[in-house]
Amino acid sequence: MTENIIGIDLGGTMVKIGIVDPKNGILKKDEIETKIELGFERVVERICQKITEIVDISNVRAVGVGSPGSIDHDKGIIKFSPNFPDWNNVPLKAEIEKHLRLSVFIENDANSAALGEKWFGEGKGKDHIVVLTLGTGIGGGVITHGKLLTGNTGIGAELGHMIVDPHGPICGCGNYGCLEAMASATALIRYANEGRKRFPESKIFELEKQRGVLGAREIFDAYRLKDRLATRIFETFVEAMSVGITSIIHIFNPQVVILGGGMSKSADLFIPKIREKVDMRAIPSFLGTFEIVGSKLGNDAGILGAAAIALENL
Ligand SMILES: [Zn+2]
């Protein structure tokens, strides 16, 4: 019997689809535009069509789907997702099962990132793992004693909304000083824009002009060039991350904290700095009990995480 799994990384703009061998990773992958404007049923139909184009379904054991938002994994429904504003309580699992006649498992994308690390990444062979996905927002996934920690109603481990400074900037969730409001790519870009008047000569804006884009990458690259505004932003980022990760270490006592998401491409730059500050704050008995590392899964993290949801449930 085949062991291969289909992993679906459901994004607001693109859907990534991969055929995954549990031992060797991705065998084949493809992507299509999500086209949410077509409506839930048509979006699912197009995804399933694509799957049958790229793989012989009879050689697949199950399907895993990672989606942003609040997911009821037992019922297989998306309760609410910021990326799909019209999708309230949509039966994603049942709809895919109807088309493919395979077992389908769904989970929140940050939780799926944690499972992806456990099966394929830096969490391999470990039972106590915390993953932070650093991107537009900050997602959290916690594995403790080998199991995903989901909480009472399945929506726990919102580590990005841990308040690290109650006097900090306002967050999309309405609170002040959440980790996400201080250390996500969105936050760093906001800090850069706030500094535009005072630091018009900043290398951040030179890079923005050259590349036609202002993102976390431009800020980190300007920091490497010892730019003053970029250094201020970087220090704020490192401070917020180290406060957040220190609490994570104290609460979960993990073997490893894995930093994933788009910003992890600059992990070599910020992990040593964060580590230094976490070690300064951590209770002595925790020192030396944990690692902080960058994810190595890169652009495949979404597909591998989705496949891992199915593997975890089979
Ligand atoms: Zn928040």
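Any read-out appearing in this document is the output of simple, stated calculations on the displayed coordinates, not a laboratory observation. In this text the structure is predicted, and so the values were computed from the model without any measurement. We place every Cβ from the backbone using ideal geometry, glycine too, and count neighbours over all the protein chains shown.
Each Cα pair under 8 Å and six or more residues apart adds its separation to the average, and for the chain the resulting relative contact order is 20 percent. Each residue of region 176-191 was assigned a 3J(HN,Hα) from its phi angle through the Karplus expression (A = 6.51, B = -1.76, C = 1.60, θ = phi - 60°), giving 9, x, 5, 3, 4, 6, 10, 9, 6, 4, 4, 5, 5, 5, 4, 4 Hz with x at Gly and Pro. Dimensions of region 125-295 based on its C-alpha atoms, expressed as ranges along the principal axes with the largest first, amount to 50, 33, 27 Å.
Multiplying the residue separation of Glu201 and Arg224 by 0.36 nm and subtracting their alpha-carbon distance yields 6.7 nm.
Normalised by 2.2 N^0.38 Å, where N is the number of residues, the alpha-carbon radius of gyration of region 102-141 equals 1.23. Under a Gaussian network description of the chain, with springs only between Cα atoms under 10 Å, the residue in His128, His73, His250 that fluctuates furthest is His250. Take every DSSP beta bridge whose two residues both sit in the chain; close to 60 percent of them are antiparallel. Computed from phi, the 3J(HN,Hα) profile of region 66-83 under the Karplus parametrisation 6.51, -1.76, 1.60 (θ = phi - 60°) reads x, 9, x, x, 8, 10, 9, 6, 5, 7, x, 10, 8, 6, 7, 9, x, 6 Hz, with x in place of Gly and Pro. If we count every other residue with Cβ under 15 angstrom of Asn313's Cβ, Lys/Arg +1 and Asp/Glu -1, where does the sum land? Net local charge, Asn313 excluded: -1. With helices as the sole contributors, the chain gives -12000 deg cm²/dmol at 222 nm; each DSSP H run of n ≥ 4 counts as -39500 (n - 2.57), and the sum is divided by every residue. Which residues in region 9-50 have a backbone N closer than 20 Å to a point placed 7 Å from the Cα of Asp86 along the Cα-to-Cβ line? Inside the label zone: 10-15, 32-49. What the Cβ-Cβ distance of His145 and Asp21 gives, at R0 = 22 Å and to the nearest 0.05, is a FRET efficiency of 0.25. In straight-distance terms, cross-link reach from Lys79 covers every one of the lysines whose alpha-carbon lies under 23 Å from its own, apart from those fewer than eight places away in the same chain; here that gives Lys16, Lys35, Lys93, Lys98, Lys147.
Among beta bridges from DSSP that stay inside region 125-295, the antiparallel ones total about 55%. If R0 is taken as 25 Å, the Cβ-Cβ distance between Thr52 and Lys265 corresponds to a FRET efficiency of 0.15.
Ile78 sits among other residues whose Cβ lies under 12 Å from its own Cβ, and their net charge, with Lys and Arg +1 and Asp and Glu -1, is -2. Of the trypsin sites (Lys or Arg not before Pro) found in region 56-128, those in coil by DSSP whose Cβ has at most 11 other Cβ atoms within 10 Å are Arg101, Lys124.
If the elastic network links every pair of Cα atoms under 10 Å, which of Gly168, Gly260, Gly123 fluctuates the most in the Gaussian network model of the chain? Checking each option, the largest mean-square fluctuation is seen for Gly168. Roughly how many Å is it from the Cα centre of region 247-298 to that of region 11-65, as a whole number? Centre-to-centre (Cα) distance: 33 Å. About the centre of its Cα atoms, region 125-295 shows a dipole size close to 360 debye [charges on the beta carbon of Lys, Arg (+1) and Asp, Glu (-1) only; nearest 20 debye].
Pairwise Cα separations in the chain fall into 20 Å bins from 0 onward with the following percentages, short to long: 33, 55, 12, 0. Rounded to whole Å, the principal axis extents of the Cα atoms in region 1-138 read 41, 36, 26, largest first. For region 143-152, putting each phi into the Karplus relation 6.51 cos²θ - 1.76 cosθ + 1.60 with θ = phi - 60° gives couplings of 10, 10, 6, x, 10, 5, 8, 10, x, 4 Hz, in residue order, rounded to whole numbers and with x for Gly and Pro.
When the charge dipole of the chain is built from unit charges on Cβ atoms (+1 for Lys and Arg, -1 for Asp and Glu) and taken about the Cα centre, the candidate among His73, Ile309, Gly137 whose Cα reaches farthest toward its positive end is Gly137. Relative contact order, whole percent, for region 125-295 stands at 23, derived from Cα pairs under 8 Å and 6 or more residues apart. Were the residues from Glu235 through Ile251 laid out at 0.36 nm apart, the gain over their Cα-Cα distance would be 3.3 nm.
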